[in-house]
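Chemist: Once you've had a glance at the structure underneath, I'll fire off some questions.
The values are calculated or read from the model by the stated rules, or taken from the named source; none is laboratory data. The model shown is predicted, which means the values in this text are computed figures rather than measured ones. Ideal geometry is used to build each Cβ from the backbone, glycine not excepted, and the neighbour counts take in all protein chains shown.
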Amino acid sequence: MLEVKPEAIDDQLSSIIDELLTGEGAVIIRSAFDADLVAQARRLIHEYSADEAKETHFQGANKDKLHLQRRVWNLLNKGEVFETMVQHPTVAAIAGAFLGTRFILGSIAANRLLPGGPGQEPHIDYPYWDLYDGEGFPHGINSSFPLNLQATIPLDPFTAETGASAYLAGSQRELSYPEVGDRDHFFANCQRMAGDPGDCVIFNGMVWHCAMPNVSDQDRSAVLIEYLAKFITPLEDQMLGVRDEVKDRATPLVRQLIGLESPYPKLFDEAPPEVQIGRDVEA
């Protein structure tokens, strides 16, 4: 997996985009977040997932273990540490080059895989995640340009034992959903998104990937950030879901990410004045 050097991002950017689009499909920034930030995020994730098991998606066959893989959604409402994470300057530079400078936030969530927790089935990410229903997508949709960029930030060691995410290098080159018959090939040839707490793995959402079973005796948690092209409907409703105090202190980048800088959708002829609050439109 290509290692991104933040201090040389301008020189690396072209090769990073090539790697994401036509290479392996994933890159890694080592030590992107410091230990204090990681500890804050981990504490909050454990707090929000302690009592209620919000199961994740793309589960495998181990239905009796679903409560051991937990999802925490809408992290912008759950601590300022997540506002920091979503704005990492190197990740933002890559997202801007990959998706266009007006990229938006699709989701920021966390996945907590408890000891004994099951893995997922191989899949691709939103907005492609139901591509098995091909009739629901435009004719000729293909992998020639991206709509999604994923960032995974380990809060615990990502190893083969703890269930580090697996991915099939190069699988983004031909946009397709991994069918049941593809799974043997996936598991025989996949690589792991191995890393230390605070690293950041960035990958193309078209890459076949999945969480793997946690066969260790420790938790495996990660923050999952989804960036989208500006014209894609976000997975999580940022405009309605993010609290007012988060919006009030938002930086220009966070305002862009949650849609406060976008004038659309808009009522043109019949829009009452209050609809236009905070949504300036060029004449």
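Chemist: Considering only residues that are among the hydrophobic types (A, V, I, L, M, F, W, C) and either touching a strand residue (DSSP E or B) at 6+ places or on another chain (Cβ under 8 Å) or crowded, with 23+ Cβ neighbours inside 10 Å (or both), which ones fall in the range 74-93?
Modeler: L75, L76, F82, M85, V86, V91
Chemist: Right, next: Failed condition for P265, given (1) at pLDDT 95 or above; (2) assigned to a loop (DSSP other than H, G, I, E, B), with all others met?
Modeler: (1)
Chemist: How many of the residues in the range 123-164 are among the β-branched types (V, I, T) and free of Cβ contacts under 8 Å to residues at least 60 places away in the same chain?
Modeler: So the answer is 3.
Chemist: Restricting attention to the range 14-55, which residues are more than 28 Å from M1 (Cβ to Cβ) and in contact with a helix residue (DSSP H, G or I) (Cβ under 6 Å, 6 or more places away or on another chain)?
Modeler: Result: A53, E55.
Chemist: Restricting attention to the range 140-152, does a residue exist that is over 15 Å from the mean Cα position of the chain (by Cα), more than 18 Å from G25 (Cβ to Cβ) and part of a loop (DSSP other than H, G, I, E, B)?
Modeler: yes
Chemist: Of all the residues that make up the range 21-52, how many are touching a residue at least 24 places away in the same chain (Cβ under 8 Å), part of a helix (DSSP H, G or I) and either closer than 18 Å to L114 by Cα or not small (G, A, S) (or both)?
Modeler: Looking only at that region, the number is 11.
Chemist: Of the conditions (1) crowded, with 22+ Cβ neighbours inside 10 Å; (2) out of contact with any Pro (no Cβ under 7 Å at 6 or more places or on another chain); (3) closer than 15 Å to L21 by Cβ, G170 fails just one. Which one is it?
Modeler: (1)
Chemist: Determine which member of the set D156, D125, D133 is within 25 Å of A229 (Cβ to Cβ), acidic (D, E) and modelled with pLDDT of 95 or more.
Modeler: Going through D156, D125, D133 in turn, just one is within 25 Å of A229 (Cβ to Cβ), acidic (D, E) and modelled with pLDDT of 95 or more: D125.
Chemist: Right, here's the next one. Would you pick out the residues in the range 94-121 that are outside any strand (DSSP E or B), surrounded by 18 or more Cβ atoms within 10 Å (Cβ to Cβ) and modelled with pLDDT of 95 or more?
Modeler: I94, A95, F98, L99, F103
Chemist: Can you spot a residue in the range 201-213 that is over 29 Å from S143 (Cα atoms), crowded, with 17+ Cβ neighbours inside 10 Å and modelled with pLDDT of 95 or more?
Modeler: no
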